[in-house]
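Asker: Before I ask anything, let me first share the structure, which is written out below as structure tokens.
The values are calculated or read from the model by the stated rules, or taken from the named source; none is laboratory data. Predicted model only: the values in this text are computed from it and were never measured. We place every Cβ from the backbone using ideal geometry, glycine too, and count neighbours over all the protein chains shown. Note: accessible area is taken over every heavy atom of the protein model, side chains too, but ligands, DNA and RNA are not part of it. Shrake-Rupley method; radii C 1.70, N 1.55, O 1.52, S 1.80 Å.
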Amino acid sequence: MADQPSDKHPSGAPWRNFYGRFKGKGLRDSQQKYLDEDLAALSPGAVTWEENPDRSELDLGEMFPGKDVWLEVGFGGGEHMVHQAASNRDVGIIGCEPYINGVAMLLGKIRDAEVDNVKVHPGDARDMMDVLPAQSISKAFLLYPDPWPKKRHHRRRFVTQEHLQPLAEVLKPGAIFRVATDIPDYVRQTLQEVPKAGFEWLAEGPTDWRQPWDDWISTRYEQKALREGRTPHYLTFRRL
């Protein structure tokens, strides 16, 4: 009898399909220099299954002594993450992004802003959530995530229980979770799925999702949406 396929990777990791891009067009020399010189020093520690097969928890107290810790899932080009880090130097921010071109862009912005309260995981946020301590994160951001517009691809979106349940586990009770998207169906799925994972939607009227947050900085993804005539939505949830 033939062996049955395993649900585990040889490293011990669960099989997790990843559908996004890891790399786009060629990096500029300056971007490759940022990756070579800066990325290792900004590592949050052993996150991947290859580095950390036992899934030992990260020590956030050592990483960011005395600071609340925030998490940005998919930081894109890094505009928002660096803006928040520069505006909240009493907070530590961990960003996850598998698209290496975006990581290189972020590293350049970190140099320019001279922020030192950030850590960067150039990979899947699911691996990060595996090794964050329970109830350790004070705020999380999901900003203009890949919309996967075709209905058969909706299960690939971040706003599914596969991602939301682990996120809920690492957020402190009362932690804020912000979602920004310009895709109406993504809004629908977000409002349907996020409360199932243990969140409440903080909205009392239309301005609560039509107006950006007071500390918002518009990203290149939002500017593209506006140019193409799509309307941004700003959704705020609180972990119960």
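Asker: So Val170 clears everything in (1) under 22 Å from Pro65 (Cα atoms); (2) open to solvent by 30 Å² or more (accessible area, probe 1.4 Å); (3) within 15 Å of the chain's Cα centre (by Cα) except one condition, right? Which one?
Answerer: Unmet for Val170, out of (1) under 22 Å from Pro65 (Cα atoms); (2) open to solvent by 30 Å² or more (accessible area, probe 1.4 Å); (3) within 15 Å of the chain's Cα centre (by Cα): (2).
Asker: Are there strands (runs of 3 or more DSSP E) fully within region 129-240 with at least 2 residues that are closer than 29 Å to Asp59 by Cβ? List them.
Answerer: Output list reads 137-143, 171-181, 233-239.
Asker: Next question, about the same structure. Which of the residues belonging to region 37-52 are part of a loop (DSSP other than H, G, I, E, B), touching a strand residue (DSSP E or B) at 6+ places or on another chain (Cβ under 9 Å) and not aromatic (Phe, Trp, Tyr)?
Answerer: Leu39, Ser43, Pro44, Gly45, Val47, Thr48
Asker: Kindly indicate whether Leu226 is of a type in the set (A, V, I, L, M) and either touching a Ser or Thr at 6+ places or on another chain (Cβ under 6 Å) or under 24 Å from Gly92 (Cα atoms) (or both).
Answerer: So Leu226 does not fit the description; no.
Asker: Please determine whether any residue of region 29-50 is at pLDDT 95 or above and in contact with a Lys or Arg (Cβ under 6 Å, 6 or more places away or on another chain).
Answerer: Yes, some residue in region 29-50 is at pLDDT 95 or above and in contact with a Lys or Arg (Cβ under 6 Å, 6 or more places away or on another chain).
Asker: Does any residue in region 194-205 that is farther than 13 Å from His163 by Cα and at pLDDT 95 or above come within less than 7 Å, Cβ to Cβ, of a residue that is open to solvent by less than 20 Å² (accessible area, probe 1.4 Å) and assigned to a loop (DSSP other than H, G, I, E, B) six or more places away or on a different chain, and which pairs are these?
Answerer: Nothing qualifies.
Asker: So, one more: Being in contact (Cβ under 8 Å) with a residue 40 or more places away in the chain and open to solvent by less than 40 Å² (accessible area, probe 1.4 Å) is the filter; apply it to region 82-99 and report the residue that is nearest to Ser43 (Cα to Cα).
Answerer: Here the answer is Ile94.
Asker: Can you tell me which residues in region 217-237 are within 15 Å of Leu142 (Cβ to Cβ) and either free of Cβ contacts under 8 Å to residues at least 24 places away in the same chain or open to solvent by 50 Å² or more (accessible area, probe 1.4 Å) (or both)?
Answerer: Tyr221, the sole residue that qualifies.
Asker: If I filter region 135-156 for residues that are open to solvent by 50 Å² or more (accessible area, probe 1.4 Å), in contact with a strand residue (DSSP E or B) (Cβ under 7 Å, 6 or more places away or on another chain) and polar (S, T, N, Q), do I get at least one hit?
Answerer: Yes, because at least one residue in region 135-156 is open to solvent by 50 Å² or more (accessible area, probe 1.4 Å), in contact with a strand residue (DSSP E or B) (Cβ under 7 Å, 6 or more places away or on another chain) and polar (S, T, N, Q).
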